[in-house]
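**Q** Below is a structure I'd like to ask you about.
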């Protein structure tokens, strides 16, 4: 259960309440690497609220998104009660989708808005999918108990492929365990920040 998981010494829960737009990275730290770095900076730049669950190495335990139940965490409940809409940052890996960013979640207007920014701002080698039918079913973020869909206006779930998170020059994950940030991650953060700031 989530409550027991959050009590582990290798797990840190972060909740920073600011604006009514929320940014989440609850598979952060050593699990879906780089996702928390992206989420934290976008939240800071835009004055958004921020929620993260960070795992320290060597722990890499994947809890399904639907397991993140606000009844099991006071911080998660406070966060979801404070925000109106969210952006969740995840990492995934599929060989045939190695350079594809997937935009799921039930707020399809926000997904389209973010997709427009990403297509304009990211290098052309990356592809942005916001058509749910083109996204693998398990990565669409449509379950009502998924945190991306719990706020009143729901949100967008962004799945980042390994290709944008991996620093080839230093042979490690960008912004993780001393590895430098890649130019692509810088552009990603810039783009997501603009998308948040221009969302009505």
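**Q** Have a look at 79, 5 and point out the one that is farther than 25 Å from residue 193 by Cα and touching a strand residue (DSSP E or B) at 6+ places or on another chain (Cβ under 8 Å).
**A** 5
**Q** Let me ask you something else. Would you pick out the residues in region 153-200 that are buried (at least 20 other Cβ atoms within 10 Å of the Cβ), assigned to a helix (DSSP H, G or I) and more than 17 Å from the chain's Cα centre (by Cα)?
**A** Once the filter is applied, which keeps residues that are buried (at least 20 other Cβ atoms within 10 Å of the Cβ), assigned to a helix (DSSP H, G or I) and more than 17 Å from the chain's Cα centre (by Cα), region 153-200 yields nothing.
**Q** Among the listed residues 80, 76, 63, 59, identify the single one that is in contact with a helix residue (DSSP H, G or I) (Cβ under 7 Å, 6 or more places away or on another chain) and part of a loop (DSSP other than H, G, I, E, B).
**A** Just a single option satisfies the conditions, and that option is 63.
**Q** Of everything in region 183-200, what is touching a strand residue (DSSP E or B) at 6+ places or on another chain (Cβ under 8 Å) and within 15 Å of residue 36 (Cα to Cα)? Give them in sequence order.
**A** Within region 183-200, 188, 192 meet the criteria.
**Q** Another one. Take residue 118 and decide whether it is closer than 29 Å to residue 8 by Cα, assigned to a helix (DSSP H, G or I), in contact with a helix residue (DSSP H, G or I) (Cβ under 6 Å, 6 or more places away or on another chain) and touching a residue at least 12 places away in the same chain (Cβ under 8 Å).
**A** no
**Q** Taking region 83-96 as the region of interest, how many residues are surrounded by fewer than 20 Cβ atoms within 10 Å (Cβ to Cβ) and touching a helix residue (DSSP H, G or I) at 6+ places or on another chain (Cβ under 9 Å)?
**A** Final tally of qualifying residues: 3.
**Q** Further question on the same structure: If I filter region 22-42 for residues that are free of Cβ contacts under 8 Å to residues at least 40 places away in the same chain, touching a strand residue (DSSP E or B) at 6+ places or on another chain (Cβ under 7 Å), more than 19 Å from residue 172 (Cβ to Cβ) and crowded, with 24+ Cβ neighbours inside 10 Å, do I get at least one hit?
**A** Taking every residue of region 22-42 in turn, none turns out to be free of Cβ contacts under 8 Å to residues at least 40 places away in the same chain, touching a strand residue (DSSP E or B) at 6+ places or on another chain (Cβ under 7 Å), more than 19 Å from residue 172 (Cβ to Cβ) and crowded, with 24+ Cβ neighbours inside 10 Å.
**Q** Can you pull out the residues in region 121-134 that are touching a residue at least 12 places away in the same chain (Cβ under 8 Å) and either within 20 Å of residue 84 (Cα to Cα) or exposed (fewer than 15 other Cβ atoms within 10 Å of the Cβ) (or both)?
**A** 123, 125 - these are the residues of region 121-134 that are touching a residue at least 12 places away in the same chain (Cβ under 8 Å) and either within 20 Å of residue 84 (Cα to Cα) or exposed (fewer than 15 other Cβ atoms within 10 Å of the Cβ) (or both).
**Q** Kindly establish whether residue 137 is more than 19 Å from residue 34 (Cα to Cα) and exposed (fewer than 15 other Cβ atoms within 10 Å of the Cβ).
**A** For residue 137, the condition - more than 19 Å from residue 34 (Cα to Cα) and exposed (fewer than 15 other Cβ atoms within 10 Å of the Cβ) - is met.
**Q** Determine whether region 83-105 contains at least one residue that is more than 17 Å from the chain's Cα centre (by Cα) and closer than 24 Å to residue 50 by Cα.
**A** Within region 83-105, not a single residue is more than 17 Å from the chain's Cα centre (by Cα) and closer than 24 Å to residue 50 by Cα.
Where a number appears in this text, it was derived from the coordinates with a stated rule and is not lab data. This one's a predicted model, so the numbers in the text were calculated from it and none came from an experiment. FYI the Cβ positions are ideal-geometry reconstructions off the backbone, even for glycines, and counts take in every protein chain you see.
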